[in-house]
Amino acid sequence: MQKVLAIVGPTAIGKTDLAISLAKKLNGEIVSGDSMQVYHEVEVGTAKATKEEQAEVKHYLVDTRSVFDEYSVKDFVDEATEAINDIGEKNKLPILAGGTGFYVNALLNKMQLGERKEEDSGTSQKWEDYLKQNGPQKLWDILNEKDPEAAKKIPVPNSRRTMRALTVIDRTGKKFSQQQKKIEPRYDYLIIGLNSDRQEIYRRINLRVDRMMQKGMLEEAKFIYQNRDKEHQVLQAIAYKEFFPYFEGEKTLNECVEQLKTASRRYAKRQLTYFRNQLPVNWFDPLNDPDCEDKIIKNIEAWKNE
């Protein structure tokens, strides 16, 4: 079975830096495990590896789509699987790095994603139409009635995941949450998790937001705002919708920046909760342990030699 190394953790903890360092030392190449880094129009808010970093180590699933293209977790799994196969054929180590827990889980394990079949196309369209007519909250309310356990794990604004869960329920006649438990590993994987003192992570998140503002975050957010009438997944991403009140004259820029920092801190907390509860992670502290990377490499070598 193909070995895959995964690096996970909350935003701003240093996943990209570690992935690049390990790829150089272990003859690896990197597959992005982030749901937003595929879009080439957004650079700053998605915290992609820089062009220079991407030149040092080959990256997959970065800048491969437009924000106006449809992109699902199934698309991610299909494309990431192809990338991992390519890396494996070169006798290199595939390194999956990213913070989108559900995407990482769906790739590493054979989760039932409820892929739409030709004969089921009307089901998905039904929920698309319902969303347009009634909005995200009422759509989510239906899922909460049909499958409270699934609804509990899906935020109300994430309408795409809500529709996917409802589509699976319609197609199979079974609860989405029950089907998600029927999983098996797709790869021989090792998951390295990065975590540290919560206040230090929050400090790094605040600093990252300030740097994003310096690098052109507002221009990216304005682009998304100007195209908000077109349905695309980036509208759900933290880093863009927080600035909409500024463009509409309802809040000051500083208020929106602070809102982004708050939303990012909450997101980091949700990321950690998901990784702790849904995946077998080996945790390390890159901020307080000077020997962290050496310990991680020893852990990886032991796994590779199993």
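Read the figures in this text as sums done on the coordinates, not as results from a lab. The shown structure was predicted, so the numbers you read here are calculated from the model rather than taken from an experiment. Note that each Cβ is placed from the backbone with ideal geometry, even for glycine, and that neighbours are counted across all protein chains shown.
Quick look at the numbers
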{"read-out": "Rounded FRET efficiency, nearest 0.05, which uses the C-beta distance separating VAL156 from ASP229 and R0 of 22 Å", "value": "0.60"}
{"read-out": "Highest-fluctuation residue, THR172, THR81, THR11 considered, GNM on the chain with Cα pairs under 10 Å", "value": "THR172"}
{"read-out": "Table column - 3J(HN,Hα) (Hz), the stretch 189-200, Karplus curve with 6.51, -1.76, 1.60, x for Gly and Pro", "value": "10, 10, 10, 9, x, 9, 8, 7, 4, 4, 5, 5"}
{"read-out": "Net charge contributed by nearby residues that have their C-beta within less than 10 Å of GLN236 (K/R +1, D/E -1)", "value": "+3"}
{"read-out": "Net length gained if the chain between LYS269 and TYR130 were fully extended (0.36 nm per residue, minus Cα distance)", "value": "46.9 nm"}
{"read-out": "The chain, helix-only ellipticity at 222 nm - DSSP H runs n ≥ 4, -39,500 (n - 2.57), divided by all residues, nearest 500", "value": "-16500 deg cm²/dmol"}
{"read-out": "Vicinal HN-Hα couplings computed from phi for the stretch 25-31 (Karplus, 6.51 cos²θ - 1.76 cosθ + 1.60; Hz; Gly/Pro x)", "value": "7, 10, 6, x, 10, 10, 10"}
{"read-out": "Extended-chain gain in nm, criterion 0.36 nm per residue less alpha-carbon gap, SER21 and ARG203", "value": "63.2 nm"}
{"read-out": "Spin-label model distance (nm) - GLU70 vs ASN91, 7 Å beyond Cα toward Cβ", "value": "4.2"}
{"read-out": "Phi-based couplings in Hz for the stretch 101-110 (Karplus 6.51, -1.76, 1.60; Gly and Pro marked x)", "value": "x, 5, 5, 4, 5, 5, 6, 6, 10, 7"}
{"read-out": "Size of electric dipole in the stretch 149-306: Cβ of Lys, Arg +1 and of Asp, Glu -1, about Cα centre, debye, nearest 20", "value": "780"}
{"read-out": "Around THR81: net Lys/Arg minus Asp/Glu count, Cβ-Cβ under 12 Å", "value": "-2"}
{"read-out": "The chain, relative contact order [Cα under 8 Å, separation at least 6], %", "value": "26"}
{"read-out": "Local electrostatic count at TYR60 - Lys and Arg +1, Asp and Glu -1, tallied over other residues with Cβ under 11 Å", "value": "-4"}
{"read-out": "Nonlocal amide H pairs with GLY28, under 5 Å, H built at 1.01 Å", "value": "LEU93"}
{"read-out": "Between the stretch 148-201 and the stretch 237-306, the alpha-carbon center distance in angstrom", "value": "17"}
